[in-house]
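Participant: Can you keep this structure in mind? I'll have questions shortly.
The values are calculated or read from the model by the stated rules, or taken from the named source; none is laboratory data. As the structure is a computational prediction, the values presented were derived from the model and not from experiment. Note that each Cβ is placed from the backbone with ideal geometry, even for glycine, and that neighbours are counted across all protein chains shown.
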Ligand code: OGA
Ligand code: MN
């Protein structure tokens with residue numbers, strides 16, 4: 001199958017030519033898609049009528065192992081009884097819209113902070129697949145910032161000074177910034193994780209900044225100095241020229257590389273308009289180990 005990519009932004013994001021991801025199983029096509037991810041960081045697939053099983057199966061074919069510790073699962077079992085599926089929606093178990101003070105709504109509002117998925121876990125998330133099931137008539141875009149372009153735009157002495165730094169990420173930190181209350185049990189279940197500030201794509205060898213609002217401190221620096229550096233870098237990396245804003249259509253599937261991008265939800269009238277997506281994220285394991293089961297399975 002020949003797959004083509006149409007650029008959606010100067011740096012990040014491309015729309016993939018018409019195909020049915022349920023049928024994409026041969027190693028060559030999967031490899032073309034991985035190469036597209038290396039190049040564009042975000043891929044948009046239109047008209048994918050996926051159910052949960054289709055989405056789980058595709059993510060597994062694409063990248064091997066799924067992430068089942070995505071944060072919310074430490075708080076409560078989700079309504080799908082499968083921790084590999086993140087419920088990105090504003091409805092309760094009966095499908096009713098969440099009220100403004102509902103704890104699930106309060107928790108998911110933090111998606112409006114710039115972040116990378118599961119950076120507070122080790123291993124973190126690698127590729128996230130987000131499948132649109134119910135999209136409201138009004139705009140509820142997801143924005144993606146290109147952390148490779150942001151890295152490239154730093155001057156060389158700054159790039160050198162960041163080399164080797166490590167950052168602690170905690171979902172408790174990012175949620176508490178918004179005033180969300182965690183119990184002691186929840187805090188103990190979510191200790192956070194340490195990751196390098198500069199990440200290298202193991203296939204293309206391109207470098208990127210690895211940041212998120214979950215970032216609490218730079219391991220090698222006094223707390224305040226590290227936080228100021230992280231704030232500066234997030235402000236730099238999320239300038240408009242680095243950002244692709246995705247306007248959702250029904251049945252879109254969007255995949256992003258969490259090593260190459262940060263993302264955030266944008267506000268909309270979620271108390272009155274139903275929006276429902278499902279996210280399945282793969283685990284960031286060292287390359288090429290990750291590719292082994294994948295080729296065997298394909
Ligand atoms: C996610 C996420 C943003 C949105 O699914 O990981 O951050 O717009 N979603 O729903
Ligand atoms: Mn996210």
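Participant: Looking at 40, 5, which is the one that is at negative phi, surrounded by 17 or more Cβ atoms within 10 Å (Cβ to Cβ), at pLDDT 95 or above and under 16 Å from the mean Cα position of the chain (by Cα)?
Facilitator: On the way: 5 fails: under 16 Å from the mean Cα position of the chain (by Cα).
From the options 40, 5, the qualifying one is 40.
Participant: Would you check which residues across segment 75-92 are outside any helix (DSSP H, G or I) and at pLDDT below 90 and list them?
Facilitator: Of segment 75-92, the ones outside any helix (DSSP H, G or I) are 76-92.
Answer for segment 75-92, where residues must be outside any helix (DSSP H, G or I) and at pLDDT below 90: 76, 77, 78, 79, 80, 81.
Participant: While we're on this one: Take segment 261-275 and flag every residue that is within 10 Å of ligand 2 (Cβ to nearest atom) and either in a loop (DSSP other than H, G, I, E, B) or under 9 Å from the mean Cα position of the chain (by Cα) (or both). Quick ask: steps written out before the conclusion?
Facilitator: Of the residues in segment 261-275, the ones within 10 Å of ligand 2 (Cβ to nearest atom) are 262-265.
Answer for segment 261-275, where residues must be within 10 Å of ligand 2 (Cβ to nearest atom) and either in a loop (DSSP other than H, G, I, E, B) or under 9 Å from the mean Cα position of the chain (by Cα) (or both): 262, 263, 264.
Participant: Quick check on segment 12-29: of everything there that is in contact (Cβ under 8 Å) with a residue 40 or more places away in the chain and crowded, with 19+ Cβ neighbours inside 10 Å, which residue is nearest to residue 199 (Cα to Cα)? Steps first, please.
Facilitator: Kept after step one, since they are in contact (Cβ under 8 Å) with a residue 40 or more places away in the chain, are these residues of segment 12-29: 12-13, 21, 25-27.
Narrowing the set further to residues that are crowded, with 19+ Cβ neighbours inside 10 Å leaves 12-13, 21.
On the way: 12: 17, 13: 19, 21: 29 Å.
Filtering first and then ranking leaves 12.
Participant: Follow-up. What about residue 92, is it surrounded by fewer than 17 Cβ atoms within 10 Å (Cβ to Cβ) and touching a residue at least 12 places away in the same chain (Cβ under 8 Å)? Steps first, answer last, please.
Facilitator: On the way: surrounded by fewer than 17 Cβ atoms within 10 Å (Cβ to Cβ): yes; touching a residue at least 12 places away in the same chain (Cβ under 8 Å): yes.
So residue 92 passes the test.
Participant: Since residue 87 meets every condition but one in (1) over 30 Å from residue 28 (Cβ atoms); (2) more than 16 Å from the chain's Cα centre (by Cα), which condition does it not meet?
Facilitator: Going through the list (1) over 30 Å from residue 28 (Cβ atoms); (2) more than 16 Å from the chain's Cα centre (by Cα), residue 87 breaks only (2).
Participant: May I ask you to list the residues in segment 200-215 that are assigned to a strand (DSSP E or B) and either out of contact with any helix residue (DSSP H, G or I) (no Cβ under 8 Å at 6 or more places or on another chain) or surrounded by fewer than 16 Cβ atoms within 10 Å (Cβ to Cβ) (or both)?
Facilitator: First, pick out the residues of segment 200-215 that are assigned to a strand (DSSP E or B): 200, 207-209, 215.
The one that is assigned to a strand (DSSP E or B) and either out of contact with any helix residue (DSSP H, G or I) (no Cβ under 8 Å at 6 or more places or on another chain) or surrounded by fewer than 16 Cβ atoms within 10 Å (Cβ to Cβ) (or both): 200.
Participant: Kindly provide the set of residues from segment 34-47 that are in contact with a helix residue (DSSP H, G or I) (Cβ under 9 Å, 6 or more places away or on another chain) and under 16 Å from residue 261 (Cβ atoms), ordered by number.
Facilitator: Initial filter on segment 34-47 (in contact with a helix residue (DSSP H, G or I) (Cβ under 9 Å, 6 or more places away or on another chain)): 34, 37, 41, 43, 45.
Those that are in contact with a helix residue (DSSP H, G or I) (Cβ under 9 Å, 6 or more places away or on another chain) and under 16 Å from residue 261 (Cβ atoms): 34, 37, 41, 43.
Participant: Give me the residue from segment 191-225 that is without any contact (Cβ under 8 Å) to a residue 24 or more places away in the chain and touching a strand residue (DSSP E or B) at 6+ places or on another chain (Cβ under 8 Å) and, out of that set, farthest from residue 162 (Cα to Cα). It would help to see each step written out before you state the result.
Facilitator: Of all residues in segment 191-225, those without any contact (Cβ under 8 Å) to a residue 24 or more places away in the chain come to 191, 200, 205, 222-225.
Now narrow it down to the ones that are touching a strand residue (DSSP E or B) at 6+ places or on another chain (Cβ under 8 Å): 200, 223, 225.
Numbers: 200: 13, 223: 16, 225: 13 Å.
The selected residue is 223.
Every residue, every condition in (1) within 16 Å of ligand 2 (Cβ to nearest atom); (2) farther than 27 Å from residue 260 by Cα; (3) touching a strand residue (DSSP E or B) at 6+ places or on another chain (Cβ under 7 Å), yes or no:
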| residue | (1), (2), (3) |
| --- | --- |
| 56 | no, no, yes |
| 67 | yes, no, yes |
| 94 | no, yes, no |
| 105 | yes, yes, no |
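Participant: If I filter segment 50-64 down to residues being in a loop (DSSP other than H, G, I, E, B) and at pLDDT 95 or above, which single residue comes out as surrounded by the most Cβ atoms within 10 Å (Cβ to Cβ)? Before the answer, list the steps.
Facilitator: Step one: list which residues in segment 50-64 are in a loop (DSSP other than H, G, I, E, B), which gives 50-51, 64.
If we keep only those that are at pLDDT 95 or above too, we end up with 50-51.
Working: 50: 22, 51: 12.
Step by step, filter segment 50-64, then rank; the result is 50.
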